[in-house]
Amino acid sequence: MVNNRRQKKAPSIINPNTTDRDQGPIDSKPNKTTLIDTLYNNSTYPCRINGIESHNLSDDALLYVTEKEKGFTLNNTAKEIWELCDGKNSVEDIIRNLSNRFECTESILRKDVKETIKQLYAESLLELKNNLATKAD
């Protein structure tokens, strides 16, 4: 998560609490580590999973997985990341795009963007495509 002690920091990325109060914070699941490691190369394209409802809440968003009756609150920055996870943008494309939007350096955003993508992936809200051949149309 975002280290609040940094001098210059990226915007807070994701609210770690789901709308299911019994669920608690979003944590990466160990069985998904292998694909998560692909976030460190430029050929990883995060793609939203079909069937997830997205509702705008002013600057924030609520993602709702009907099948699981589970919801997730995203702040403005996490919402931006979510919208860019279309299978056409690589992780590095997303970092560059947000760096321009938020006037923040890529190095500051990199850790937070990857952490948010890891959390969304761990909750089965995203899939990770490994190369251009598997990118969404």
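The values are calculated or read from the model by the stated rules, or taken from the named source; none is laboratory data. Everything quoted here is computed from the prediction, not taken from an experiment. Neighbour counts are summed over all protein chains in view; Cβ atoms, including those assigned to glycine, are modelled from backbone coordinates with ideal geometry.
Structure above, values below:
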| item | result |
| --- | --- |
| Matching residues, the stretch 92-132, being part of a loop (DSSP other than H, G, I, E, B) and either more than 20 Å from Ser54 (Cβ to Cβ) or not aliphatic (A, V, I, L, M) (or both) | Glu103, Cys104, Thr105, Glu123, Ser124, Asn130, Asn131 |
| Qualifying residue in the stretch 61-69 (condition: touching a residue at least 60 places away in the same chain (Cβ under 8 Å), part of a strand (DSSP E or B) and among the aromatic types (Phe, Trp, Tyr)) | no |
| So Leu35, is it surrounded by 14 or more Cβ atoms within 10 Å (Cβ to Cβ) and either assigned to a strand (DSSP E or B) or modelled with pLDDT of 90 or more (or both) | no |
| Within the stretch 72-91, tally of residues that are in a strand (DSSP E or B) and surrounded by fewer than 17 Cβ atoms within 10 Å (Cβ to Cβ) | 1 |
